[in-house]
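The values are calculated or read from the model by the stated rules, or taken from the named source; none is laboratory data. Predicted model only: the values in this text are computed from it and were never measured. Positions of Cβ are backbone-derived with ideal geometry, glycine not excepted, and every protein chain shown enters the neighbour counts. Please note that ligands, DNA and RNA were not included when accessible areas were found on the heavy atoms of the full protein model with its side chains. Shrake-Rupley method; radii C 1.70, N 1.55, O 1.52, S 1.80 Å.
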Amino acid sequence: MSTGDVRDHPIRAQFDVFLDEHRAALNGCLDGLSEEQVRRSLVPSRTTLLGLVKHATFVEKVWFDEAITGRSRAEIGIPATPDESFILTDHDTIASVRQAHHDACEASRQATSSLALDDIVHGNRRGPLPLRWVYLHVLRELAQHCGHADILREQLLNE
C-alpha cells in the first residue's frame, strides 16, 4: 500500500504507511552500491550511506523499544548517543546493516501494534509522550535522513 492508497483510511494506517515508505526509502539508498561506496565519507561529519541506515536502526530502537519498554540503551544494546550510532565497525556490511534495520523496523511494528496513537509512552528521556508524537518525530527524522541519503547517493553516482 502506498501513501496515496491510504488517503481515506484511519490516521493510524496513514502513519504506518508513511513510516514504512520512509523506512524502505532509506534502506533502499544502498541499492546497487559497493561496500566501499556506502562507507565513503563525503561530508565532514560521520554521515555515510551505511551509517545513515545504521543510525535509522538506532532511531527505531530508541523510539519503539526504549520509549515503550523503558529498557535502557545498554540493555537494548545500542549506543548511548545518536552521534555514536553512525560509527561503522569492520563487521558492518550492506547485508548486516540492512538486516538489522529490517529487524528493528519489524520489532517497532510489533511493539506499537497494540497501542493507540493517544497512548502515552514513558521510557523516553523527554518524559511521557503520546505515541502520535513519537510517530511524527520518527517520520520527521526519517524524512530528513532520506534527504541526506539522496544527496550522498547522487554524489557517489556522479563521480
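When only residues in segment 81-96 that are more than 20 Å from LEU139 (Cα to Cα) and in contact with a Ser or Thr (Cβ under 9 Å, 6 or more places away or on another chain) count, which is surrounded by the fewest Cβ atoms within 10 Å (Cβ to Cβ)?
So the residue we want is LEU88.
Check ASP118 against each of (1) within 21 Å of GLY28 (Cα to Cα); (2) of a type in the set (Asp, Glu); (3) exposed (fewer than 12 other Cβ atoms within 10 Å of the Cβ) and name the one condition it does not meet.
The one condition ASP118 does not meet is (1).
Go through (1) of a type in the set (A, V, I, L, M); (2) part of a helix (DSSP H, G or I); (3) surrounded by fewer than 19 Cβ atoms within 10 Å (Cβ to Cβ) one by one and return the number of the condition LEU152 breaks.
That leaves (3) as the condition not met.
Scan segment 65-81 for residues that are closer than 26 Å to ARG153 by Cβ and either touching a helix residue (DSSP H, G or I) at 6+ places or on another chain (Cβ under 7 Å) or outside any loop (DSSP other than H, G, I, E, B) (or both) and jot them down.
ILE78, PRO79, listed by residue number.
Take ARG71 and tell me if it is open to solvent by 10 Å² or more (accessible area, probe 1.4 Å), under 20 Å from ARG140 (Cβ atoms) and in contact (Cβ under 8 Å) with a residue 40 or more places away in the chain.
So ARG71 does not fit the description; no.
Which one of the conditions (1) modelled with pLDDT of 95 or more; (2) open to solvent by 60 Å² or more (accessible area, probe 1.4 Å); (3) not basic (Lys, Arg) does LEU142 fail to meet, given that it meets all the rest?
(2)
Determine, yes or no, whether ASP8 is at pLDDT 95 or above, in a loop (DSSP other than H, G, I, E, B), farther than 19 Å from TRP133 by Cβ and acidic (Asp, Glu).
No: the conditions fail for ASP8.
This table checks each residue for (1) assigned to a helix (DSSP H, G or I); (2) surrounded by 16 or more Cβ atoms within 10 Å (Cβ to Cβ); (3) in contact with a helix residue (DSSP H, G or I) (Cβ under 8 Å, 6 or more places away or on another chain).
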site	(1), (2), (3)
ALA13	yes, no, yes
LEU19	yes, yes, yes
ALA24	yes, no, no
ASN27	yes, yes, yes
ASP31	no, no, no
VAL38	yes, yes, yes
SER45	no, no, yes
LEU50	yes, yes, yes
ALA56	yes, yes, yes
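GLY127 is checked against (1) over 16 Å from ASN27 (Cα atoms); (2) in a helix (DSSP H, G or I) and fails just one. What number does that condition carry?
It is condition (2) that GLY127 fails.
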